[in-house]
Amino acid sequence: MPKSYLNAEPYGIGELISRKKHLRVPTHQRDYAWGPDEVGQLLDDLFTAVEAKTDEYFLGLVVIVGPTDGDWMVLDGQQRLATCTMVFAAVRFWLRQLSRNEDADQIQRQFISVRRLGGGDEPRLLMNYANRELFSYLIQPDLDTDELRERLRVQIPGSSNEKLISGFLACRAAVGEKMKALPATGQDAFLYQLSDFLENQSQVVCLEVDQAADAYKIFESLNDRGMALSALDLVKNFVFGTVSAERHPELATTWEDMVSQIVDADAEDFLKVAWTAQFGRVQRGALYSLIRQEYSSEPQVIELVRTLAVQAELYTAMLEPSHNAWADYGAECAGLVATLRDLRSGQVRPILLAALSRHISPEDMRDLLRHLVALTVRYQTIGRRRTGLIEIGCAKAAKELFGATMNIADSLRDLQVLVPPDEQFVVDFGRYRERNSKRAIHVLLGIESMLVHGRYRADWVHEVLGSEQVVVHLLLGKHTRRNWPAPEMDDPGFLEDVTNRLGNLCLLMRQDAKALKAADFGDASRIVASSDFKSTSSASRYLGDGQWGRNQIMERQNELAHIAADCWIWEPLQ
């Protein structure tokens, strides 16, 4: 058996692409991830370095394994390799526009495609399963820009393929803009300089690993050395390193289905929630190790991927009340889901995922969501208590619910100990301040629904928010006119104390909020008194005293506190 070896050498990135000929991103590797910021930064750096005639521009480390049958597997560096290939493609495109066809052909042969003996041309860089077909299509010669824009239009927003097309178009546009800014006699010279700089001066350190080395362990060691690999990257690496190669295409499709579901979500949080719902509480740092311990064989790993694909859709549903998963549960459940999302109650997500996985009845789901919202508002939003305790309680309840060892009533009974009783909740509410406008508007609309409907109506709250015409507004703030009759106005700490107290906030329609900004005390009193929102118009009782200071604000906040106690109630289920 040949000995493993490591060899590190500096290359220009174009030289590396040219000399290694066949670079392949393995199926298990992460997708193309560079967005406008990363691509734009690389282009700016390249243009600046070319103009300044810089000797070297360091692009970082590239790790490759091989060669195996002439192919080098790219373990790290695919973002830079792919983006620089797109810059070469942009140079080729603009050379053709200048009728420098022989030079364009040379760029194509030297940096973009290569011919195998007895075969046809193929890309020098082959991307992973998710990106391979599109990337190979993009780097074909002379693609029409309008055709590319149309292709971009139909991509999933935020997906890796959208980023690929966006990056390709950005490279073409930026190179063209730089070239056209020069006199006609210097345009081809700029393209030659840029190509030469990419080939020779854009330096990488290439770490070459013998094919006898364990590529998957090397990938994990990159994470140990502090490189930015997420738990999802590591799980993907583990999956494809455990499962036989012939199963990779099937698994890649399932994995991409899963990733496409959570493209706009927090992948790390998804993994943690999925694990917690089934196995109990876990720290993010321990997640990958526990997954490896639990799923050690090929059949188990295949089942893991299938399970994650299903749970990814349910996780997405928890963040999106319009998701089809809520179609059978009714408008109130959708409104409660929206409330949990907007209040950023991540700790309750494992329970919700467990409930969705068990397909509980609409009645049970409604009861569960009502109680989770009450727990969130009383314990977290208003009470500002330690998130660790609610995370522990919710993780325990989720595991029992997922395993069908408990029903909804029993799961909630274990959480009741965390819920502040009315007396404590009123005290907490009395000192409640809120800087986040989204949370403030949810609390005030919840109180408003109590005044209008006699109970908390999350579906009504969600509907009002959907109109985008309602705002939360300070009655007294730093920009309030100085003629407001607040006895403490000259106290420098007064405004700091009362600005974000809920008693000093009110719901208004946008046009009324605009008028209130410029209003003196008399006009403000009339705007507040005439508001259609009962929780706002009721504040006119205090304004009618001719003052709006600390006493009036605290009296109103105490009044709202007692309404809130009746709004977010916790009633044990039978």
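The values are calculated or read from the model by the stated rules, or taken from the named source; none is laboratory data. Model, not experiment: these values are computed from the prediction. Every residue, glycine among them, receives a Cβ derived from its backbone with ideal geometry; neighbour counts consider all protein chains shown.
What to note about this one:
- Residues of the stretch 386-406 classified as surrounded by 15 or more Cβ atoms within 10 Å (Cβ to Cβ) and at pLDDT below 85, total: 1
- V452 meets each of the listed conditions (1) under 28 Å from the mean Cα position of the chain (by Cα); (2) part of a helix (DSSP H, G or I); (3) touching a residue at least 40 places away in the same chain (Cβ under 8 Å) apart from (1).
- Matching option when the condition is among the hydrophobic types (A, V, I, L, M, F, W, C), in contact (Cβ under 8 Å) with a residue 40 or more places away in the chain and more than 24 Å from Q557 (Cα to Cα), among I392, I447: I392
- First in the stretch 408-435 and under 30 Å from V472 (Cα atoms), second anywhere and part of a helix (DSSP H, G or I) and of a type in the set (K, R), Cβ under 7 Å, 6 or more apart: V419/R378; P420/R378; F425/R378
Yes or no, residue by residue, for (1) more than 24 Å from T387 (Cα to Cα); (2) in contact (Cβ under 8 Å) with a residue 12 or more places away in the chain; (3) in a helix (DSSP H, G or I):
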site	(1), (2), (3)
P299	yes, no, yes
D328	yes, yes, no
E332	yes, yes, yes
L340	no, yes, yes
Q347	no, yes, yes
P350	no, yes, yes
L353	no, yes, yes
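- Once the stretch 491-513 is narrowed to residues that are of a type in the set (A, V, I, L, M) and at pLDDT 90 or above, the residue that is surrounded by the fewest Cβ atoms within 10 Å (Cβ to Cβ) is M509.
- R281 vs. criteria in contact (Cβ under 8 Å) with a residue 24 or more places away in the chain and in a helix (DSSP H, G or I): no
- Scanning the stretch 142-170 for residues that are surrounded by 15 or more Cβ atoms within 10 Å (Cβ to Cβ) and not acidic (D, E) yields a count of 16.
- Residue in the stretch 108-124 that is among the β-branched types (V, I, T) and modelled with pLDDT of 90 or more present: yes
- Scanning the stretch 135-150 for residues that are modelled with pLDDT of 90 or more and under 22 Å from V25 (Cβ atoms) yields F135, S136, Y137, L138, L148.
- Selection count where residues are part of a loop (DSSP other than H, G, I, E, B) and surrounded by fewer than 19 Cβ atoms within 10 Å (Cβ to Cβ), scope the stretch 539-564: 4
Residue by residue, here is whether (1) of a type in the set (S, T, Y); (2) over 27 Å from A252 (Cβ atoms); (3) within 28 Å of the chain's Cα centre (by Cα) holds:
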residue: R96; (1), (2), (3): no, yes, no
residue: Q108; (1), (2), (3): no, yes, no
residue: F135; (1), (2), (3): no, no, yes
residue: I139; (1), (2), (3): no, no, no
residue: R153; (1), (2), (3): no, no, yes
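- For first residues located in the stretch 505-530 and at negative phi and of a type in the set (D, E, K, R), partners that are buried (at least 18 other Cβ atoms within 10 Å of the Cβ) and in a helix (DSSP H, G or I) and lie 6+ apart or on another chain with Cβ distances below 6 Å form the pairs D512/I527.
- Residue tally, condition of a type in the set (S, T, Y) and touching an Asp or Glu at 6+ places or on another chain (Cβ under 9 Å), over the stretch 11-29: 1
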